[in-house]
Every structure is written in structure tokens, then in C-alpha cells.
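The values are calculated or read from the model by the stated rules, or taken from the named source; none is laboratory data. Just so you know, these numbers come straight off a predicted model, no measurement behind them. Ideal geometry is used to build each Cβ from the backbone, glycine not excepted, and the neighbour counts take in all protein chains shown. What goes into the accessible areas is simple: the full protein's heavy atoms, side chains included, and nothing from ligands, DNA or RNA. Shrake-Rupley method; radii C 1.70, N 1.55, O 1.52, S 1.80 Å.
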Amino acid sequence: MAGRSVKVTQRKRLHWSRPSDFMFTLLGYSIGLGILWRFPYLCYRNGGGAFLVPFLLSCIVISIPLYTFEIGLGQFTQRGRLSAWDRIPVMKGMGLASVIVSTWSIIPYMLIMGWCVMFLFNSFTIGNLPWTTCDNIWNTNSCVPMFSGNLTNGNKSFHSVTITSGKLNLTSQPDANHILPQVEFWRHRVLQVSSGFDDAGLGFNSTMLPFLIFAFVSVFMVTIKGVKSSGKVVYLTVTLPYITLFVLLIRGVTLDGAWDGIKMFLYPKMEMLLKPSVWMEGISQAFYVYGLGFPGLTAFGSYNKKRADFFKQSVFIIPCGIVTSIIMGFVTFSILGNLAYTNNVEITSVIKSGPGLVFQVIPSALAQLPIPQLWSALFFLTLYFVAIDSAFGEFEALSTVVIDALPKLGSTYKRRALTNGGIALFLFSMCQIMLTGPGIYWFELMNYYGANGICLIWIVTCESLAVGWLWDARKYRHDVKMMVGRKLPRVFDYCYKFAIPVITVTVLTMYCVEWEPLTIADYVYPMWANVIGWMMSLSSILCIPIVAVVTLYKENGSLLQRWISAKTSKIDFASIHCHDNHDQISISSLSPDDGKLLEA
């Protein structure tokens with residue numbers, strides 16, 4: 001490589017080509033499944049406006065300080081989540097915990113992406129959309145389409161209608177429980193769901209298998225190119241969701257009965273605020289939206305130039321996440337209000353709460369637009385793109401851990417591709433359990449316990465204590481000033497040291513004291529399933545204390561000496577290039593073979 005401007009042996013870190021690449025990547029990471037899929041159904045399940053209280057509080061008090069910290073940690077150390085915590089070795093377990101949570105989250109993500117592909121595939125039709133009619137092979141005799149006004153069934157007309165758990169009960173025919181077509185499509189075609197863990201249902205869901213395979217192939221093709229390819233598509237994956245949301249918002253708020261749904265979204269029921277689970281899910285949703293506790297933000301920050309003003313860049317994203325969540329809430333609840341108005345029922349009785357809420361509510365609004373096939377395809381293409389955005393970060397983090405442990409697996413472009421293929425195959429095999437009859441129950445168990453709630457809150461609590469007391473908040477602000485030329489707001493010191501730990505520990509304690517078995521719609525999970533769920537949670541939670549104990553054990557001297565050594569940075573900052581004109585790597589100056597080695 002004589003004469004070349006970059007030596008691969010120096011292992012210099014790649015950086016974003018433009019600040020806008022970093023900004024759009026952060027925005028794409030935020031505007032993902034956490035908002036478009038997860039926010040609506042959690043808000044619906046937890047009382048609408050009541051859910052907004054802990055969510056907004058957490059966004060302001062917790063998310064802003066920790067969002068800037070996680071990005072700053074990566075930029076300051078120029079390392080990913082695992083090795084960045086060499087800055088405080090005794091807390092390095094947080095890096096491992098984040099990777100485990102990321103692994104638990106990517107498995108449900110891949111199934112969601114498969115759902116998106118299936119709905120997208122079924123949108124390409126010249127006839128009626130399959131979830132709007134009752135003449136498909138998966139429909140039952142109970143299926144009744146919805147109309148504006150009275151419901152009809154053959155020659156009969158029904159003026160008094162109630163809906164219980166997603167089923168329409170017609171008073172003139174009390175023995176017949178009629179089901180909405182979008183509900184039947186979701187349950188019988190997409191999920192082929194059973195009644196619970198003890199019911200195998202229809203067996204293996206082979207209908208979903210090809211769509212799940214396509215989802216894994218999509219993510220694999222993106223990840224083998226690394227951050228270079230993701231940066232090229234991020235502009236599309238960020239702008240397309242906003243275009244789609246704008247159309248849905250205009251349509252939703254103009255529907256009859258929309259305001260009834262919006263009122264449920266905006267006005268909290270005070271009794272719901274007394275439930276610890278509402279606070280736990282509201283706070284953890286704020287973490288989910290911004291990726292707090294996951295490896296992504298630190299990795300993105302590590303690709304920043306050392307002198308980049310990450311605070312100015314990152315603070316811009318927080319309002320975007322809040323506004324986009326509110327818009328998605330308006331869209332979902334306005335459509336729910338219309339469904340309730342059309343059938344003269346309570347909003348909470350229209351459709352069962354659960355992970356399929358968006359896939360049952362949004363299609364009903366799209367079906368009322370001109371050329372519904374086009375708008376349906378656009379929406380599910382959007383959801384597919386944001387699913388790729390969400391899954392990419394978690395998949396890349398897992399790949400990085402494997403390659404860090406076994407560097408030879410990433411030494412060449414082909415070896416990296418084989419490594420990523422092996423990881424994808426492993427995750428794909430784990431997804432198979434969610435294609436069985438009880439698959440949706442396994443999905444929610446993994447999503448609720450493995451990658452949500454107490455796991456994220458525990459990681460964030462430890463992270464706040466680490467920067468506030470072990471790094472020392474004032475020292476961290478000084479380090480930031482030395483790096484970017486400005487200090488963080490002084491109020492962040494109090495957030496790191498006091499506000500965040502007090503809020504999160506209080507919520508954790510209340511939730512554990514008043515814990516209740518997991519439920520999805522009307523199904524209460526058996527105790528053995530909840531035990532498995534807690535084991536999923538503990539797989540990440542226990543990493544932090546276990547690694548801390550092991551780190552102290554490996555040090556020498558008295559317990560105090562071990563503690564001082566264990567919290568002292570092990571990073572050689574002299575080896576980190578601090579001048580922007582020297583740490584930018586020009587990919588164009590490398591040959592194809594050199595570029596592959598450097599990327600690996």
C-alpha cells in the first residue's frame with residue numbers, strides 16, 4: 001500500500017461524509033418502529049392521554065440528557081458501545097446488557113418487517129383490498145364488512161350494535177358474533193393465531209414464511225455494505241414516513257367521529273396514572289423512541305469527527321421524536337374515533353389492544369381514500385423501510401460484538417458477509433417459534449420482557465449514575481467543552497445525579513411491588529410464561545452487576561484500591577486522533593480491495 005494516503009494497519013475509524021448524513025441517520029433511527037408501530041398500541045392499551053404524561057416527562061427530563069451523553073460517549077472515545085465503556089471499566093456490563101437487549105428486540109422486529117411485506121404484497125391488486133371484504137378463503141361466516149350507517153347482513157338490517165373484544169354483537173341476532181374483515185385478515189391470514197400457549201391452532205404458519213425470509217434477506221443485503229450503504233438510503237427512509245403520515249393525518253382528522261378519538265388521546269384518565277405499568281411503559285417508550293439503552297447511538301457518535309458539535313445536532317432530534325409520536329397518535333386515534341362513531345360504540349371496544357393495532361386500524365382509513373391500493377402500498381412500503389432502519393442498527397451492533405470477539409471473522413469483506421449470514425440464520429431460526437399457532441404470544445413475551453420496560457429502565461438508571469457520579473457530571477461537561485468548545489447545560493448535572501435515578505428507581509420499585517402477569521387483549525399469560533419472560537429480562541439486567549464484580553475481582557490491592565482502579569479509564573486517548581483534518585478517511589483514495597479491508 002506504499003504511496004496511499006491511508007494505511008489499513010492503522011485501523012483509523014471511518015467518519016460521516018457530511019454532518020447531514022449523521023443528522024438524517026439519527027432522525028431515521030428515531031422515526032422507526034418505536035413510533036409508527038409501538039407508540040400507538042401502547043398508548044391505546046394504557047389509556048391514551050394517561051400514557052402521554054410519563055412519556056412526555058421522560059422525553060424532557062431523561063431523554064435529552066442521556067441522548068446527548070450516549071452520542072457524546074461514542075464521539076469522545078471513538079468506540080462502539082462495548083469498548084466505549086472502557087472509560088469506566090466497572091460499568092462495562094452496560095455495553096453487554098445493551099447488546100443482549102438489542103438481540104431480544106431484533107427478533108420481533110424481523111417478524112414485524114415480515115408483516116409489512118405481507119401487507120405490501122397484498123396491496124398490489126386491481127380488486128378490493130383483501131382486508132376490506134368477507135369473500136376470501138380465510139373469512140368465516142361471522143365476517144361482516146363495515147358501512148357508514150347501519151350494518152347489513154343479507155336482507156337484515158341492524159340498528160343496535162355493540163362491539164366486545166373486537167367482535168360486533170348484533171342485537172337482532174344475539175347468537176351471532178360478527179367480526180370486522182380487517183380483524184379476520186389479521187388473525188386468520190397473517191397470524192393464524194391460536195387461543196393460547198396450550199393451543200397449537202393451525203400449526204406452522206407457512207403463509208408468513210416467504211415474507212419473513214424476504215425480510216431477513218433485505219437486512220442482510222444492507223448490513224454487508226455497512227454504514228456506507230445505509231447512509232445512502234437514509235434520506236428516503238426519513239422523508240417517506242413524513243409524507244405518508246401527513247396524508248393519513250389529513251384523512252384521519254376529517255373523518256366523522258375523529259374528535260372523539262382525539263379526546264381520548266389527549267385527555268388523561270387520572271385513575272390510569274395510579275398504575276405503575278402505565279409509568280413503566282410510558283417511560284420505556286421514550287427510551288425506545290430515541291434508542292436509549294441500545295448500542296446504536298454510541299456507535300453513530302463514534303463515527304462523528306472528534307470536534308463535531310454533537311449537542312447541537314442531537315438536541316434537534318428530541319422535538320422531532322415527540323412531534324412525530326404526537327402526529328402518529330392523532331392519526332391512530334382519529335381513525336379509532338371514526339370506527340367507534342360508525343358503529344355507535346365505545347372507542348375502547350372497537351379493536352383489541354395489542355401489537356397488531358396499526359395493522360388493523362390504518363388499513364381501514366386507507367381503504368376510504370381514492371385508489372386505496374396505491375395508498376396502502378405506500379404506507380406499508382414506508383413501514384417496511386422504517387423497519388429496515390430499526391433492524392439495521394440492532395443487527396449491526398450484534399455483528400460488531402461477534403467480530404470484536406473474533407476479529408478474523410471480519411478481516412475481509414467475504415468473511416464479514418459470511419459472519420452476518422450466520423447471525424441472520426441464527427436469528428431466523430429463533431423467529432420460527434413465532435410462526436406457530438401461539439406465535440403472537442411468544443412475540444409479545446419477548447417484546448415485553450426481553451427488550452422493553454424494566455430492562456431499559458435498569459440500563460438507563462445505571463448509565464445515569466455512571467456519568468453523574470463515577471465519571472462525575474462536572475468532569476464530563478468539562479470533557480465535552482474540551483472536545484467541541486462548549487459546555488453542556490448545568491442542569492444536566494442534576495439530571496444525571498438526582499432526577500433521572502430518582503424517577504427510574506421509583507418506577508422500578510413500584511412496578512415490581514405491584515407486578516401483574518402479562519396480558520395481551522383478553523388473554524392472561526400463564527405463570528410459567530411469565531417466569532420465562534423474567535429470565536429474558538434478567539439475561540441483560542444481571543450483566544451489569546456480574547461484570548462489575550468480575551472487574552473488581554481482577555484488580556489488585558484492597559477493596560478501595562480495586563474500586564479506584566476499576567473506575568479509572570483504560571482508554572489510551574493519545575491514540576485517538578483529535579484533529580479533524582487528519583481523522584477523515586477518504587474512501588475514494590482506496591482501491592476496492594483496500595476499501596473492503598478497511599470497512600471490515
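I need the peptides 432-438, 521-527 ranked by packing, meaning the mean over residues of other C-beta atoms within 10 angstrom, with the highest value on top.
432-438, 521-527
If packing is taken as the average number of other Cβ atoms within 10 Å across a peptide's residues, how do 504-514, 290-300 rank, most packed first?
Answer by packing, highest mean first, reads 290-300, 504-514.
Expressed in nm to one decimal, what extension gain is obtained for the pair LYS312 and ARG474 from 0.36 nm per residue of sequence separation less their Cα-Cα distance?
Separation in residues times 0.36 nm, less the Cα-Cα distance, equals 56.4 nm.
Which whole-number value in Å² is the accessible area per residue of the range 427-472, probe 1.4 Å?
19
I want the local charge near GLY321. Using Cβ-Cβ distances under 15 Å, sum +1 for each Lys or Arg and -1 for each Asp or Glu among the other residues.
Neighbour charge sum, excluding GLY321 itself: -1.
Between LEU374 and TRP515, what is the FRET efficiency for a Förster distance of 56 Å, r being their Cβ-Cβ separation, to the nearest 0.05?
Result of the calculation: an efficiency of 0.75.
For the range 500-574, with all protein chains present and a 1.4 Å probe, just round the carbon and sulfur fraction of the accessible area to a whole percent.
It is 71 percent, rounded to a whole number.
Set the Förster radius R0 to 60 Å, insert the Cβ-Cβ distance between TRP259 and LEU209 as r into 1/(1 + (r/R0)^6), and round the FRET efficiency to 0.05.
For TRP259 and LEU209, the calculated efficiency is 0.90.
On average, how much accessible surface per residue is there in the range 1-140, in Å², for a 1.4 Å probe, leaving out ligands, DNA and RNA?
30
Please work out how much length the chain gains when fully extended from MET535 to THR125, using 0.36 nm per residue of separation minus the C-alpha to C-alpha distance, in nm with one decimal.
Difference between extended and current length: 143.2 nm.
Assuming 0.36 nm per residue, please report the length gained on full extension of the stretch ASP522 to SER429 beyond their Cα-Cα distance.
Residue separation times 0.36 nm, minus the Cα-Cα distance, leaves 30.6 nm.
Ignoring ligands, DNA and RNA, please state the percent of accessible area on the range 188-315 from carbon and sulfur, probe 1.4 Å.
About 67 percent, which is the carbon plus sulfur part of the accessible surface.
Could you compute the FRET efficiency for THR348 and LYS414, with r as their C-beta to C-beta distance and R0 at 51 Å, rounded to 0.05?
Rounded to the nearest 0.05, the efficiency is 0.40.
Could you look at the range 324-381 and say what percent of its accessible area is carbon and sulfur, using a 1.4 Å probe and all protein chains?
For the range 324-381, the apolar C and S fraction of the accessible surface comes to 62 percent.
Students often check this: by mean Cβ neighbours within 10 Å, which of 336-343, 416-423, 119-126 ranks highest, and how do the rest follow?
For the peptides 336-343, 416-423, 119-126, the packing ranking is 336-343, 416-423, 119-126.
Scan the range 396-453 for chymotrypsin sites (Phe, Trp or Tyr not before Pro) in coil per DSSP, keeping those whose Cβ has at most 11 other Cβ atoms within 10 Å, and list them by number.
In loop regions of the range 396-453 (DSSP not H, G, I, E or B), there are no sparsely surrounded chymotrypsin sites (Phe, Trp or Tyr not before Pro).
Per residue, how much accessible area does the range 282-372 have with a 1.4 Å probe, in Å²?
Averaged over the residues of the range 282-372, the accessible area is 25 Å².
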